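The values are calculated or read from the model by the stated rules, or taken from the named source; none is laboratory data. Predicted model only: the values in this text are computed from it and were never measured. Positions of Cβ are backbone-derived with ideal geometry, glycine not excepted, and every protein chain shown enters the neighbour counts. These area figures cover heavy atoms from the full protein model, side chains too; ligands, DNA and RNA do not enter into them. Shrake-Rupley method; radii C 1.70, N 1.55, O 1.52, S 1.80 Å.
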Amino acid sequence: MRFLLINGPNLNLLGSREPSIYGSITLESIESNLKKKAQDEGVQLDCFQSNFEGALVERIQQAVGEVDAILINAGAYTHTSIALRDALLGVGIPYVELHLSNTFGREQFRHKSFISDRAVGVVSGFGVMSYQLAFQGLLAHLNETQ
Ligand code: DQA
């Protein structure tokens, strides 16, 4: 099986960005830890981060025929991007939405997500563990449905 992990804007700053909200682990460490977990489960994990909405849309489009599922932390685009929603629905690849922080415990504008209603599931608020939980949930879902 092959999964794609997508991280959106400002997540490249993890480690130094608002550590009281997002913790002090870097994106590089998150990716390498998740790659190890994936390898143990026999899953190949590709990782992609961009600060640009169009680049994220293009990466999602490229994933057709390449990956079985997507894990996505779309960052602030979660709350604003119809283009990302359209890309995810357009390719029809199952995805899990994830967030380090509990977006429902934060500002009102973070309560809205353009992608959660069509996600396999949503994981929010577990810090770096959100990535591991999203991976586990997605894998279990695929094993059940495929
Ligand atoms: C985030 C939550 C978003 O509201 C925010 O814009 C981010 C990170 C999270 O992982 O908690 O950039 O997606």
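Please check the chain for the longest run free of GluC sites (Glu not before Pro) that are loop-located per DSSP (anything but H, G, I, E, B) and have at most 12 other Cβ atoms within 10 Å.
Details: sites that count: Glu66, Glu107.
Result for the longest clean stretch: 1-65.
Of the residues Leu56, Leu89, Leu98, which exhibits the maximal mean-square fluctuation in a Gaussian network model of the chain defined by a 10 Å Cα contact cut-off?
Sorting by GNM fluctuation, first place goes to Leu89.
Once amide H atoms are placed 1.01 Å from N in the peptide plane, what residues at a sequence separation of 5 or more from Ile70, or on another chain, have their amide H within under 5 Å of its amide H?
Those lying under 5 Å, H to H, from Ile70 are Leu4, Tyr95, Val96.
For Asn10, project a label point 7 Å along Cα to C-beta. Then give me every residue of the stretch 127-145 with its amide nitrogen under 20 Å of that point.
Only 127-131 fall inside the zone, counting backbone N under 20 Å.
Quick one: length gained pulling His79 to Ser29 fully straight, 0.36 nm per residue minus the C-alpha distance?
Values: separation 50, 0.36 × 50 = 18.00 nm, distance 2.56 nm.
Extra length available between His79 and Ser29 comes to 15.4 nm.
Given only helices, namely DSSP H runs of n ≥ 4 each adding -39500 (n - 2.57), what is the per-residue ellipticity at 222 nm of the chain, to the nearest 500 deg cm²/dmol? Write out the running numbers ahead of the final one.
Numbers: 5 runs with 55 residues, N = 146.
So the calculated ellipticity at 222 nm is -11500 deg cm²/dmol.
What nm distance separates the two modelled labels at Gln39 and Lys112, each placed 7 Å from Cα along Cα→Cβ?
4.3
Does a label point 7 Å from the Cα of Asp86, set along Cα-to-beta-carbon, have any residues of the stretch 31-62 with amide nitrogen under 20 Å, and which are they?
What the label zone holds, given the 20 Å backbone N cut-off, is 51-62.
What is the list of residues in the stretch 86-101 whose amide nitrogen lies under 13 Å from a point 7 angstrom out from the Cα of Arg17, following Cα to Cβ?
99-101
As a test question: what accessible area, to the nearest 10 Å², does Ser116 have when a 1.4 Å probe is rolled over all protein chains in place?
We get 40 Å² for Ser116.
Whenever you get a sec, line up Thr145, Thr26 from highest to lowest accessible area (probe 1.4 Å, protein heavy atoms). Don't skip to the end; give the middle numbers.
Values: Thr145 85, Thr26 55 Å².
Descending order: Thr145, Thr26.
Extension gain Asn102-Arg2, at 0.36 nm per residue separation less the Cα-Cα distance, in nm? List each step's numbers first, then the result.
Working: separation 100, 0.36 × 100 = 36.00 nm, distance 2.75 nm.
In short, 33.3 nm is gained.
For the stretch 43-60, just list the computed ³J(HN,Hα) in residue order, Karplus coefficients 6.51, -1.76 and 1.60, θ = phi - 60°, integers in Hz, with x standing in for Gly and Pro.
10, 8, 10, 9, 10, 9, 10, 8, 8, 10, 4, x, 5, 5, 4, 5, 5, 5
Count neighbours as other Cβ atoms within 10 Å of each site's Cβ, and list the trypsin sites (Lys or Arg not before Pro) in the stretch 95-146 that are DSSP loop with at most 11 such neighbours.
Details: sites: Arg106, Arg110, Lys112, Arg118; in loops: Arg106, Lys112.
Loop-located and lightly packed - Lys112.
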